[in-house]
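Asker: The structure under discussion is supplied below as structure tokens; questions concerning it will follow.
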Amino acid sequence: MTALVLLDHEEGQIRKAALSAVTAAAQLGDVHVLVAGDASIAQAAAAVPGVAKVLHAADARYAHELAEPLAALIVSLAGQYDHIVAAAGATGKNVLPRAAALLDVQPIPDVIRIVDAETFVRPIYAGNALATVKSSDAKKVLTVRNAAFDAAASTGGNAPIEAVDAVDAPAVSKFETVQLSDSERPDLETARVVVSGGRGMQSEEKFHTLDPLADALGAAIGASRAAVDSGFVPNEYQVGQTGKIVAPELYMAFGISGAIQHLAGMKDSRVIVAINKDPEAPIFQVADYGMEADLFEVVPQLVEELKK
Amino acid sequence: MKILVPVKRVVDYNIKPRVKADGSGVDTTGVKMSMNPFDEIAVEEAVRLREKGAASEVVVVSVGVQKAQDTLRTAMAMGADRAILVLSEESPEPLAVAKVLRKLVEKEEPGLVILGKQAIDDDMNATGQMLAGLLGWGQGTFASKVEIADGHARVSREIDGGTEEVSLTLPAIITADLRLNEPRYASLPNIMKAKKKPLETIEAAELGVDMKPRLSVVSVAEPSERKAGIKVGSVGELVEKLRNEAKVI
């Protein structure tokens, strides 16, 4: 059996979450990847160990991974594949259901475990339950959670690259602009350490209290939905059911109470630290190390202590 | 321009769902049900577009059990003009719902369909994209801002690294993300008024759509619970534990 993985990218780089999708797909059979974008990305994809072939769609209409042309392209390539896989990020969730509809397939989103070629485990109800589902469709279309599968290595492979031609699709959408939050920090979804702030951060300005700590730990910065809704940070920082799902080695929650929808996004982290003034905060029920204290006192002390 | 807004009746977002003892699913008997929160945002956006004059009528539709008419009445209390209930089994799959919606779109000919980006029960995040695919329409998913002008929708989309703007030729599909708007509360007079608004009921079978699910549920289980750890008294102790016990820094 062979799986086709849509390898999504950002700013000329393969998204790390897409490398987790390669690992997941390898459990299903041989892995071919589809790169819609620059030749340099296709070359990077060819170096990923475990990839047997790279399909490269260089046509300009695919450069921004718009769903309408890209889903049509996937459908045109789908014939020989048993599984079509992507990371459960903004691109995979935008493109794959559209392709699935055109293939008359019910997609299986957010897979966290592959039981066999047709049986998959996925969270429902914001992770409050895990459903094991079996698909009767001839092809399976799935997105996978990167937190549940290790990222494939980015060097060591040497797969052939095959150019694929553009296919007709309704020209009903046009890319206009993109604003990416410019960050020198690691990617939130794949960082080893995440430092996160909640409503307790009090303001946009005070949210930056976390910056020196994130610097010291080489951490990504995240936030609860409450912090995003209060306008402290942009939405792409959001960790939770409606934001990003993360599972770092270390997750540090500052001034986050621990609403169910936030816990859904981080409870699979290996070690959780919670700092909160409220001893009753539900976050303490999932934290390995909790501290009842004022975060604005704790954070500078932590930075000092880490220097020792 | 007419706007069609599909809405789903789901377990209220404040309720912690409980898995049935036999592992066959989540227990919904006697549990408070409400409109899917993302669908409330979709209804609000459609009503605002009508209030601004960009749309002339807002039609809400739900595919599900008889009780879903409560959800449709809520949507009409928020300002939708009329409703269609397509009777089917509880919680049909997005593929089946998208096929039902395609039939309704062919009949109603809306210029825009606005959906919530995902339902908070099955967390599928698929119906809007699938409907767009079936219709061959453009899709603006995870929308945080929508502007309608000159036969186009300009949509700001929440993506992994930030925000992307796309322009779609109408008719088009939009799926609502959290930051698109803050839905209004239905006032009592509007709740009363909504009871008199038209609600049409049809059987899914009449539309000739195969509703049979493609996914069978093997089992549903509770995730393993994390246990609370320990409380530390000082920053020094915390760092010591992280270094020497958890070995994570």
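The values are calculated or read from the model by the stated rules, or taken from the named source; none is laboratory data. All of these numbers come straight from a predicted model, not from anything done at the bench. So basically every Cβ, Gly included, is an ideal-geometry build from the backbone, and we count neighbours across all protein chains shown.
Asker: Do you know which residues across segment A:278-308 are under 13 Å from A:G258 (Cβ atoms) and surrounded by 15 or more Cβ atoms within 10 Å (Cβ to Cβ)?
Answerer: Within segment A:278-308, A:A281, A:P282, A:I283, A:F284, A:Q285, A:V286, A:A287, A:G290 qualify.
Asker: Could you tell me whether segment B:127-134 includes any residue that is more than 7 Å from every other protein chain (Cβ to nearest Cβ) and closer than 20 Å to A:A171 by Cα?
Answerer: yes
Asker: Out of (1) touching a strand residue (DSSP E or B) at 6+ places or on another chain (Cβ under 7 Å); (2) closer than 28 Å to B:S187 by Cβ, what's the single condition that is false for B:Q129?
Answerer: Every listed condition holds for B:Q129 apart from (2).
Asker: Residue under question is A:A152, and the condition is that it be in contact with a Ser or Thr (Cβ under 6 Å, 6 or more places away or on another chain), under 29 Å from A:P69 (Cα atoms), assigned by TED's automatic domain parsing to the domain that holds A:D110 and at pLDDT 95 or above; does it hold?
Answerer: Spelling it out, A:A152 is indeed in contact with a Ser or Thr (Cβ under 6 Å, 6 or more places away or on another chain), under 29 Å from A:P69 (Cα atoms), assigned by TED's automatic domain parsing to the domain that holds A:D110 and at pLDDT 95 or above.
Asker: Could we say that A:A131 is more than 9 Å from every other protein chain (Cβ to nearest Cβ), of a type in the set (A, V, I, L, M, F, W, C) and more than 19 Å from the chain's Cα centre (by Cα) here?
Answerer: Criteria not met by A:A131.
Asker: Something else: In this structure, is B:P183 outside any strand (DSSP E or B) and closer than 20 Å to A:V228 by Cα?
Answerer: Judged against the criteria, B:P183 is a match.
Asker: Given segment A:7-83, what helices (runs of 4 or more DSSP H) lie entirely inside it while holding 3 or more residues that are out of contact with any helix residue (DSSP H, G or I) (no Cβ under 8 Å at 6 or more places or on another chain) and touching a residue at least 60 places away in the same chain (Cβ under 8 Å)?
Answerer: A:16-26, A:39-46
Asker: Which of the residues that make up segment B:200-242 are surrounded by 14 or more Cβ atoms within 10 Å (Cβ to Cβ) and either in contact with a Cys (Cβ under 8 Å, 6 or more places away or on another chain) or more than 9 Å from every other protein chain (Cβ to nearest Cβ) (or both)?
Answerer: The answer is B:I202, B:A204, B:L207, B:V209, B:M211.
Asker: Can you report the number of residues in segment A:29-65 which are crowded, with 21+ Cβ neighbours inside 10 Å and farther than 19 Å from A:G156 by Cα?
Answerer: 5
Asker: A follow-up question, please. What are the pairs, 6+ residues apart or on separate chains, where a residue within segment A:89-109 that is within 7 Å of chain B (Cβ to nearest Cβ) and assigned to a loop (DSSP other than H, G, I, E, B) has its Cβ under 8 Å from a residue that is buried (at least 24 other Cβ atoms within 10 Å of the Cβ) and acidic (D, E)?
Answerer: Matching pairs, first to second residue: A:G89/A:D8; A:G89/A:E189.
Asker: Do we find that A:A129 is of a type outside the set (D, E) and free of Cβ contacts under 8 Å to residues at least 40 places away in the same chain in this structure?
Answerer: yes
Asker: Can you tell me which residue among B:R184, B:R214 is out of contact with any Lys or Arg (no Cβ under 7 Å at 6 or more places or on another chain) and under 30 Å from B:S156 (Cα atoms)?
Answerer: B:R184
Asker: Please work out if A:Y289 is modelled with pLDDT of 95 or more and within 24 Å of A:A88 (Cα to Cα).
Answerer: The answer is no for A:Y289.
Asker: Right, next: Tell me the residue from B:M124, B:M76 that is of a type outside the set (D, E, K, R), at pLDDT 95 or above, surrounded by 22 or more Cβ atoms within 10 Å (Cβ to Cβ) and assigned to a helix (DSSP H, G or I), please.
Answerer: Selected residue: B:M76, the only one of B:M124, B:M76 that is of a type outside the set (D, E, K, R), at pLDDT 95 or above, surrounded by 22 or more Cβ atoms within 10 Å (Cβ to Cβ) and assigned to a helix (DSSP H, G or I).
Asker: Which of the residues that make up segment B:134-169 are within 14 Å of A:V178 (Cα to Cα) and among the aliphatic types (A, V, I, L, M)?
Answerer: Across segment B:134-169, the qualifying residues are B:A143, B:V155, B:I159, B:V166.
Asker: Name the residue that is nearest to the other protein chains (Cβ to nearest Cβ), counting only residues in segment B:18-27 that are touching a residue at least 24 places away in the same chain (Cβ under 8 Å) and either closer than 14 Å to B:S91 by Cβ or among the polar types (S, T, N, Q) (or both).
Answerer: B:V26
Asker: A further question on this structure: Given (1) in contact with a His (Cβ under 9 Å, 6 or more places away or on another chain); (2) aliphatic (A, V, I, L, M); (3) closer than 19 Å to A:A169 by Cα, identify the lone condition not met by A:L102.
Answerer: (1)
Asker: Output yes when any residue across segment B:47-68 is crowded, with 21+ Cβ neighbours inside 10 Å, over 12 Å from B:L115 (Cβ atoms), modelled with pLDDT of 95 or more and charged (D, E, K, R), and no when none is.
Answerer: No: zero hits.
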